[in-house]
Protein chains: 2
Amino acid sequence: METLIRQSASDVTVCLKAVSDPTRLLMMKLVETNELCVCQFVEMFDMSQPAISQHLRKLKSAGLVKENRRGQWRFYSMNQESVHAPLLQNILSHIEDTDPQLLALRDKEMPVDCC
Amino acid sequence: METLIRQSASDVTVCLKAVSDPTRLLMMKLVETNELCVCQFVEMFDMSQPAISQHLRKLKSAGLVKENRRGQWRFYSMNQESVHAPLLQNILSHIEDTDPQLLALRDKEMPVDCC
DNA sequence: GACTTATATAACTGAATCGTTATATACTAA
DNA sequence: TTAGTATATAACGATTCAGTTATATAAGTC
């Protein structure tokens, strides 16, 4: 059961703006349970590396993901400590696990040493 | 207790894009329980009438609000029949009732024959 | 050190967004 | 029918956004 933390409307807007983009929404769904590195996102979304980096920066500056550096890689995962985490998980729970886009992305998930 | 209806990621994006604007998010919070006409929004948000109309059009085309014509007025209220309604109510429930912006708006609420 | 790999940042472009003012439409009332 | 009120739409400008390519940074390897 999710905790209901209430926030200001402008705080909620920060979270919504961050995930109102289809790429970033799916990214969040992917890191809800997993930890993924930039090169994995690039593979999965078939998008340029800078595009992915910029999406991740937006998610990070909204506080939705946290960054974990290991070696040359930077891993991203959902920031559970964020004030937005309860709202975000709530939103993500509305996405069906059978969503074709989501399944297609997970199909393309490669091991970390992909690149 | 809210029903959890799962939707496709792109459906969720439609809803999120519609309410990721601070004005529209607050509009939805206001029509969550009330039915309001355009002129009331104009008073409350201190924004031009066309700006309000355009926000309402976006909310309507996303299916989040329904329109009710009575006389010369058009009243807007939350569309409970929408597939987005459960997600939307979930999002709105994260906004604190003591939000200063929200309180300020409700303070400015005028009777329908305001204009 | 030099070279490679992973990621970030900068600079740019086209499209979308949000507001404005001006105008059109629709209903009401005299 | 004419005037007034409520709302919608059109056209425009400033800003933001999401992608691109080119370049910088940082870590790993030889």
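The values are calculated or read from the model by the stated rules, or taken from the named source; none is laboratory data. Please read all numbers here as calculations on a predicted model, not as lab measurements. Cβ atoms come from the backbone with ideal geometry, glycine included; neighbour counts cover every protein chain shown. Each accessible area value is taken on the protein alone, full model and side chains, heavy atoms only, with ligands, DNA and RNA left out. Shrake-Rupley method; radii C 1.70, N 1.55, O 1.52, S 1.80 Å.
Below is a table of values for the structure above.
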item: Test: residue in the range B:88-96 that is of a type outside the set (K, R), away from every other protein chain (no Cβ under 14 Å) and free of Cβ contacts under 8 Å to residues at least 40 places away in the same chain; result: no
item: Pairs where the first residue, in the range B:62-77, is within 14 Å of chain A (Cβ to nearest Cβ) and the second is within 15 Å of DNA strand C (Cβ to nearest atom), C-beta under 6 Å, 6+ apart; result: B:A62/B:V14; B:A62/B:A18; B:L64/B:A18
item: Near pairs, Cβ below 6 angstrom, 6+ apart or cross-chain, from the range B:36-61 (within 14 Å of another protein chain (Cβ to nearest Cβ)) to any residue that is within 9 Å of DNA strand D (Cβ to nearest atom); result: none
item: When residues of the range A:13-69 are limited to those that are among the small types (G, A, S) and open to solvent by less than 30 Å² (accessible area, probe 1.4 Å), the one nearest to DNA strand D (Cβ to nearest atom); result: A:A51
item: Per-region count, the range B:70-81, residues of a type in the set (S, T, Y) and either surrounded by fewer than 17 Cβ atoms within 10 Å (Cβ to Cβ) or over 15 Å from B:E32 (Cβ atoms) (or both); result: 1
item: Unmet requirement for A:M110, which otherwise passes all of (1) assigned to a helix (DSSP H, G or I); (2) more than 14 Å from chain B (Cβ to nearest Cβ); (3) aliphatic (A, V, I, L, M); (4) open to solvent by 50 Å² or more (accessible area, probe 1.4 Å); result: (1)
item: Some residue of the range B:26-33 being farther than 21 Å from A:K17 by Cβ and charged (D, E, K, R); result: no
item: Residues of the range B:43-60 classified as farther than 23 Å from B:L16 by Cα and near DNA strand C (Cβ under 10 Å from one of its atoms), total; result: 3
item: Failed item, numbered, when B:A18 is tested on (1) facing chain A (nearest Cβ under 9 Å); (2) over 24 Å from A:C15 (Cβ atoms); result: (2)
item: Search result, residues across the range A:29-53 that are over 12 Å from the mean Cα position of the chain (by Cα) and within 26 Å of A:P86 (Cβ to Cβ); result: none
item: Scope the range B:61-83; condition within 16 Å of DNA strand C (Cβ to nearest atom) and not hydrophobic (A, V, I, L, M, F, W, C); matching residues; result: B:S61, B:G63, B:E67, B:N68, B:R69, B:R70, B:G71, B:Q72, B:R74, B:Y76
item: Yes/no for B:R24 being within 13 Å of chain A (Cβ to nearest Cβ) and either of a type in the set (V, I, T) or within 11 Å of DNA strand C (Cβ to nearest atom) (or both); result: yes
